[in-house]
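Notes follow once the structure below has been shown.
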Amino acid sequence: MPMETSKQMTKAASKRATASVSKRMSHTVIEKWKDFSFAVPALLFMGVFLYYPLGYSIYLSFTNWNMTRPVKKFVGADNYTRLLSSPDFYHSLKVTFLYTFMDVVLTLAIGLLFALLLNVSSSRLFGFMRGVIFMPYYVSMVVAAMVFTWIYNGQYGLLNNVVSWFGMDPVEWLNNPSTALPALVAVSVWKGVGFAMILFIAGMRGIPAEYYEAASIDGASKFRQFRNITLPLLSPMTLFLVITSFISSMQVFQSIDVMTAGGPLKATNAIVYWIYTMAFSEFKTGRASALVMILFVIILLLTLVQFLVSRKKVHYEG
Amino acid sequence: MNGLMDSKGDNRLPMKKKSWLLMLLTIFMVITTACGGGGGSKTAEGEVSLDDVEAASMDMKNDTTPIKIQYWHAHADAQLEGLNYMISEFQKKYPHITVEPVFQGGYPDLHKKLSAAVAANDVPAVTNVEVSSLANFADSGVFADLGPWIKRDEVKMDDFAKGMLKAYAYNGKQYGFPLIVSTSVFVYNKTMLDELGVEPPAKWDEIDDFNAKVTKKEGDKTTRYAFSIPGWDTWYYDPWNINGGGQILTDDMSASAVENEDSLRYIQNFYKWQNEGNMHMGFGKGASDNMRQMFLNGEIAMVQHTSAMLKMYRENADFEVGVSFIPGDKVRTSNIGGAGIVMMEGAKDLEKEAAWKFIEFMTSAEQNIKWAESVGYLPTRKSAIESEEGDQYFERWPQYRAVYEHFDEVTPRLQHPAYPEFSEVYKEVVGEMVLNKKDPTPLMQEAAKKINDILADYE
């Protein structure tokens, strides 16, 4: 019977083993649920105010709902095909990209310039100057837009007053299809440049001084130092700024709403503003939801591209 | 120093990429496999007839259960005094009804909130609606048909100005009554025109002569325009189109008519007058302020504007202000503007009864002159205008006589649920003409195609 006993013994051992495994398992399961429970309030909030509306607008994008009609008729991909085949869509896309490109490039370039100029920690004057440049960042966009509407006014605006000193004719800045978009970009750049500057300065201060010392011992010029040390080591900060300002420029809305209402002649009809008019003045809620989804995918893809490119180009120190 | 992203990031990324790819693939599959739906178009014509309507209940009328209703409105500050007066008078008459006025911003804001309220199934009993949006809302069944109450209380419908009443009817049903009514008129600098010895034109073929006498130029530059027509709102030039014998849509409202020969007459004239430097036209945001300022400065002799602005002009001009009805050609009409008062279909029965009493009171002949004067809009009731109170009103506001001589020529706007959308298309043509000095005739052909697309898309 030794066989028998050993069999029994192994059986018992394996039983004990499973019991302890399942005990350990259940323990970790409980742990996991406990962890999860801490996230529930946040998830609930996100669920109600983000995931549910997101899912619902995906559903709406396949209907022809107009917000008031009791029936939401399913129209398949009709909204998508109509949008993707309409010239207005490509026009709005162009406007949005043009705005985003000008906004991101100018904000970052000017921000970097200010950062190089004002990165002096010992001087009170420079600290004050940084404060002045940063100030527009905490002015509300609506307020800024109203002030700039007055500055750009064709009849009594400040800008035309300045322009007239140089003998130029007054321009209807916001009512001229070729100047309206740059005028909007200027407001956004004015507002955002201080933030970019502060982040660039923070980035510059994180670069160890040894690199510069070593470079100057090797006889590198200031410009070479900037190009080969400062710029590469600022790249994580630049990536952060590019992505955040890219996403916010793609969604430009407030300034358009206040200053141009998408005009003149759709010259500033960026996608988000178009979504708004489509949903809330033409009451094409279904179509507007489809446009929201398209914009979502575009931003997602482009952000992904930025990440991929950045894997090659961004240098992390150390 | 040259370290790239850490290894963790490298592992995570392909995973992410895959799931996004999957999601994208799903989206594209849905887009390509699902198919579109069809649809038809509707006409909005048809006189209101109460023959088949069942009268509202009498029991309801006499019910005095205390009830509170909300009135959503877009009355600006200057009109609030008048509104509060009306509400307090109303509550004296019906002590069991409490009306709570809720200001919801301008018309666009009000409309957005109304839509949201309908979607949320929590509506006010009674509300304003801007006249051009009535069709859109009525088409979706948002407003209640007033027919049953009109029939029960035997409202004298022919006492209202015909066009004003019709503007709040749709598909043969009366959805509301005109509450604050305006129309576009020519406001002119009477002092200046008297000095020049000219009268505002009543017909299109008098306009060239008017221009020759009024326009002032220095070289090629106009220093004083004969007149200005607002380009920023189709409300101002839709009647010009009609007056020239044209149409916006064909009779059955199935296709664009803006490109037809007769429909182009007005804009070809605009183009001519603009190129000659006689006509000023503003377009886009802020254009209204500019036109106003130029008129008050004497740089424009006559501006087409809403009659609701008359008070503002009278208060700010340092010259005498006159009003004339816009000139006609084949016909002479102007479109109704402003807002009406309507009842929400989603309200409860008792609320609807209270809402009806409020609507009837607000638009009644007894209060008509007082209400109109306090808000600066036009009276709507013939009996009120012909009363003694009406005479006194015209003594204080002689300018409005010009409108009342054409009382029944104040016509509804084109009623089509897609009007807010397709009117943008021909407005853009006007914009191209004003801002880029382009010839509108070929552009209107393009516009017609777009309008037809929108109409086909509408269902």
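Among the residues here, A:VAL95 does not qualify as facing chain B (nearest Cβ under 9 Å) and crowded, with 22+ Cβ neighbours inside 10 Å. Exactly one of these conditions fails for A:MET250: (1) within 12 Å of chain B (Cβ to nearest Cβ); (2) more than 18 Å from A:PRO87 (Cα to Cα). Give me its number. The one condition A:MET250 does not meet is (1). Pairs meeting the criteria (first residue in region B:48-77 and more than 28 Å from B:HIS111 (Cα to Cα), second residue buried (at least 20 other Cβ atoms within 10 Å of the Cβ), beta carbons under 6 Å, at least 6 apart or on different chains) are B:LEU50/B:GLY147; B:VAL53/B:GLY147; B:MET60/B:GLU353.
From the list A:LEU308, A:LEU295, A:LEU291, which one is without any contact (Cβ under 8 Å) to a residue 12 or more places away in the chain and part of a helix (DSSP H, G or I)? It would help to see each step written out before you state the result.
On the way: A:LEU295 fails: without any contact (Cβ under 8 Å) to a residue 12 or more places away in the chain; A:LEU291 fails: without any contact (Cβ under 8 Å) to a residue 12 or more places away in the chain.
Residue meeting the stated conditions: A:LEU308.
Go through region A:85-119 residue by residue and tally those that are among the β-branched types (Val, Ile, Thr) and over 21 Å from A:THR277 (Cβ atoms). Quick ask: steps written out before the conclusion?
Quick first cut of region A:85-119, residues among the β-branched types (Val, Ile, Thr) only: A:95-96, A:100, A:104-105, A:107, A:110.
Applying the additional criterion that residues be over 21 Å from A:THR277 (Cβ atoms) yields A:104-105, A:107, A:110.
Total meeting the criteria: 4.
Residues in region B:110-121 that are more than 9 Å from chain A (Cβ to nearest Cβ) and at pLDDT 90 or above: B:LEU110, B:LYS113, B:ALA117.
Output the residues belonging to region A:285-311 that are of a type outside the set (A, V, I, L, M, F, W, C) and at the interface with chain B (Cβ under 8 Å from one of its Cβ atoms). Outline the logic, then answer.
Taking region A:285-311 as the starting set, the residues that turn out to be of a type outside the set (A, V, I, L, M, F, W, C) are A:285-287, A:289, A:303, A:306, A:310-311.
Once the filter is applied, which keeps residues that are of a type outside the set (A, V, I, L, M, F, W, C) and at the interface with chain B (Cβ under 8 Å from one of its Cβ atoms), region A:285-311 yields only A:ARG311.
Pairs, please: C-beta under 8 Å, at least 6 apart or cross-chain, first residue exposed (fewer than 10 other Cβ atoms within 10 Å of the Cβ) and in region A:22-49, second at pLDDT 85 or above? Once the first residue is exposed (fewer than 10 other Cβ atoms within 10 Å of the Cβ) and sits in region A:22-49, no partner that is at pLDDT 85 or above comes close enough. Here A:LEU231 fulfils each of the conditions (1) within 12 Å of chain B (Cβ to nearest Cβ); (2) surrounded by fewer than 20 Cβ atoms within 10 Å (Cβ to Cβ); (3) at negative phi apart from (1).
Name the single residue, out of those in region A:158-178 being free of Cβ contacts under 8 Å to residues at least 40 places away in the same chain and surrounded by 17 or more Cβ atoms within 10 Å (Cβ to Cβ), that is farthest from A:MET102 (Cα to Cα). Talk me through it step by step, then tell me what you get.
From region A:158-178, those free of Cβ contacts under 8 Å to residues at least 40 places away in the same chain are A:158-173; that's our starting set.
Still in the list and also surrounded by 17 or more Cβ atoms within 10 Å (Cβ to Cβ): A:159-160, A:171-173.
Numbers: A:LEU159: 20, A:ASN160: 23, A:VAL171: 21, A:GLU172: 21, A:TRP173: 17 Å.
Filtering region A:158-178 for residues that are free of Cβ contacts under 8 Å to residues at least 40 places away in the same chain and surrounded by 17 or more Cβ atoms within 10 Å (Cβ to Cβ), the one farthest from A:MET102 (Cα to Cα) comes out as A:ASN160.
The number of residues in region A:145-170 being within 20 Å of B:LEU435 (Cα to Cα), outside any helix (DSSP H, G or I) and not charged (D, E, K, R) comes to 7. For region A:272-284, a residue qualifies if it is among the aromatic types (Phe, Trp, Tyr) and within 12 Å of another protein chain (Cβ to nearest Cβ), and the qualifying residues are A:TRP274, A:TYR276, A:PHE280, A:PHE283. Selection of region B:49-80 for residues being loosely packed, with under 13 Cβ neighbours inside 10 Å and at pLDDT 90 or above yields B:PRO66, B:LYS68.
If you scan region B:289-330, which residues turn out to be outside any loop (DSSP other than H, G, I, E, B), within 14 Å of another protein chain (Cβ to nearest Cβ) and surrounded by fewer than 17 Cβ atoms within 10 Å (Cβ to Cβ)? Before you say what the answer is, go through the steps one by one.
As a first pass, look at region B:289-330 and keep what is outside any loop (DSSP other than H, G, I, E, B): B:289-296, B:300, B:302-316, B:321-325, B:328.
Those still in the list that are within 14 Å of another protein chain (Cβ to nearest Cβ) too: B:289-296, B:300.
Scanning region B:289-330 gives B:ASP289, B:GLN293.
For region B:143-169, the set of residues classified as of a type in the set (Phe, Trp, Tyr) and within 14 Å of chain A (Cβ to nearest Cβ) consists of B:PHE143 only. The single condition among (1) of a type in the set (Ser, Thr, Tyr); (2) free of Cβ contacts under 8 Å to residues at least 40 places away in the same chain; (3) within 12 Å of chain A (Cβ to nearest Cβ) that B:TYR419 does not meet is (2).
Residues being more than 28 Å from the chain's Cα centre (by Cα), over 30 Å from A:LEU234 (Cβ atoms) and assigned to a helix (DSSP H, G or I) are entirely absent from region A:177-185. Only one of the numbered conditions (1) modelled with pLDDT of 90 or more; (2) within 14 Å of chain A (Cβ to nearest Cβ) is not met by B:SER140, and that is (1).
A quick yes/no check of all residues on (1) closer than 29 Å to B:PRO201 by Cα; (2) under 22 Å from the mean Cα position of the chain (by Cα):
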{"residue": "B:GLY338", "(1), (2)": "yes, yes"}
{"residue": "B:TRP371", "(1), (2)": "no, yes"}
{"residue": "B:SER374", "(1), (2)": "no, yes"}
{"residue": "B:TYR377", "(1), (2)": "yes, yes"}
{"residue": "B:TYR404", "(1), (2)": "yes, yes"}
{"residue": "B:THR411", "(1), (2)": "yes, yes"}
{"residue": "B:PRO440", "(1), (2)": "yes, no"}
{"residue": "B:GLN445", "(1), (2)": "no, no"}
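Restricted to region B:331-411, the set of helices (runs of 4 or more DSSP H) holding at least 1 residues that are without any contact (Cβ under 8 Å) to a residue 60 or more places away in the chain comprises B:365-375, B:382-386, B:388-396, B:401-404.
The values are calculated or read from the model by the stated rules, or taken from the named source; none is laboratory data. No experiment lies behind these values; they were computed from the predicted model shown. Ideal geometry is used to build each Cβ from the backbone, glycine not excepted, and the neighbour counts take in all protein chains shown.
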